[in-house]
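The values are calculated or read from the model by the stated rules, or taken from the named source; none is laboratory data. These numbers were taken from a predicted model, which means no experiment stands behind them. With ideal geometry, Cβ positions are generated from the backbone for all residues, glycine too; neighbour counts draw on all protein chains shown. All accessible areas refer to the heavy atoms of the entire protein, side chains included, with ligands and DNA or RNA removed. Shrake-Rupley method; radii C 1.70, N 1.55, O 1.52, S 1.80 Å.
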Amino acid sequence: MPESNPEFSLIATVLAVLLLMYAAIGEPLLGRRAFAWLQARRQTHPRALLRFYAVTIAAQWLWAAAIVVILLTSPGLTPGHLGLRAPDSWGPLLAAVIGFSLALLVVWVLTRDSGGRSGREQHGESHSTAPGAGGQVLATLAPRSRAERRMAAGLAVTAGICEELLYRGLFVALGVAVGLPVWLAAIVSCVLFAVAHIYQGWWGLVGPGLLGALFMVVYLGTGSLVIPIVLHALLDLRSLLLTGSGRRHRAPEL
């Protein structure tokens, strides 16, 4: 973090608080509603997933635009206060690589397909065990067509940039600006990030919650959002394009 404390103007403070309220209340509620809409239409509406992707991408770039306004209206707030600078230290990079590898392993374990179950489904046999919550979420979000794969890649990159800028960059800077210790601002940010994924059920709290904590540790350790943004985007690309029903993009149905 920069040596000087971030200072928000009145307009910037209002916008930042509105984004904070949106993250705490609006994002969980709207996310749950949008995901329920997608689940109800995924099989019957060919463009339902594309619409879900497009709305999500638009919403995230909208809050990124609000963050740009916050920067432009606050002389005492620099891009560096939001982590938009080169890393101060490369020491945590090794920890980031290890943590990222462990995160991939956790995602694989929680979302991997069961060979036996797939075999029973191919033969039309009934089964009583349902896929894990993480697998169900990724199965719903997994792209199947070329257009969906392109949009999924755009969503992964968008989430990597915009979510890191909001949850790690802005919210930590806002917490410090109002007098919170960095560690407490970081905890609040991690909780908000997990709550934003509550529409995914317990998986949304545990999976993204742990990953958000990992990204936060990397951010605070390096003083830069560059590595968290890259890790976040890569993990989302892997989750959407190479996991569960999205593996190799060949699953014709959920």
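Counting 0.36 nm for each residue step from Ala34 to Ala65 and taking away their Cα separation leaves a gain of 9.0 nm. Using the Cβ-Cβ distance between Glu7 and Leu184 with R0 set to 22 Å, the FRET efficiency works out to roughly 0.70.
Among the protein heavy atoms, those of Trp37 account for about 70 Å² of accessible surface (1.4 Å probe, every chain in place).
Between the beta carbons of Leu84 and Thr44, assuming R0 = 45 Å, the FRET efficiency works out to 0.60 to the nearest 0.05. With the simple model of a label 7 Å out from the Cα in the direction of the Cβ, Leu234 to Val55 spans 3.2 nm. Within the shell defined by Cβ-Cβ distances under 14 Å, the residues around Leu225 carry a net charge of -1, with Lys and Arg each +1 and Asp and Glu each -1. Near Ala152: Cβ cut-off under 12 Å, other residues only, Lys/Arg at +1 and Asp/Glu at -1. The net charge is +3.
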